[in-house]
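A short reminder: the numbers here are calculations on the coordinates, not readings from a lab. Treat the numbers as computed from the prediction; the structure is a model and nothing was measured. No Cβ is skipped: glycine too gets one built from the backbone with ideal geometry, and neighbour counts run over all protein chains shown.
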Amino acid sequence: MGFFDGLWPGRAAQFDSGNAPSSAVVLSKRNATISLNKQGALSGNLRVNLSWRMRTSDIEGRSRQSGRLRRPLQLFKPEVVQAHTQGVVNVDLDLGCMYELMDGTKGVVQPLGSLIGDLNGPPYVRLSGDDRFGAPSGETVYVNLDQRDKIKRLLFFVYIYDRTPAFDRTHAKITLYPGHGPRIEIELDERAPQARSCAVFTVENIKDELIVRREVKFVYGFQSELDRLYGYGMQWGRGYKTRT
């Protein structure tokens, strides 16, 4: 939805979308679901990307406020810096995916434990890389939609690995890139300063229709708490990353 759309009553759109290559569907609280079937996105790989940057500190933001008032157009520019810039909270966001297949197999794809998955075999989900510094490329998980009939449900989540909780300091976004149709964007825009994990969205196979649902539910624990919330029923233990 454009900036001025909010100023005119009765002009709300179902989604922020369009026909241009750069168009996107934005999932929000009001419009939380989308059917991949109706988007014609049922083949090839679904690419799910986590990108994030750190906001500047509140103190720094206040010190710049007077200057921004002298330059009104600056009010519309977000105050963000790359996550590895000095002087900001050191935080490492990770992207993961819990899965349940049609045969009852359950598991997780995530950087912890190097559980990278498999794209051409079960679980038909694979992690590519682990971004520890908020690089522009972010972290990406691929889902093989050619094997969608074998996938019952997926839960994509983001968690903070072994650092101070700082979701309120990050500007994070999940973007889905189907093989066809517009990209789908989900902003982690709710303030949850003490949370360590966030269930971002689910994909469910409902009578051969793949439904993407925005969740954006923050929790104060880790994967085990997300598991209990969504009923996967798996056993969890402490995991570690390899040193770089």
Between residue 209 and residue 45, the two model label points (7 Å from Cα along the beta-carbon direction) sit apart by a distance in nm of 2.9
Amide H contacts under 5 Å for residue 115, placed H, 5+ residues apart
110
Amide H to amide H, which residues 5 or more places from residue 44 or on other chains are under 5 Å from it, using H placed in the peptide plane?
145, 146
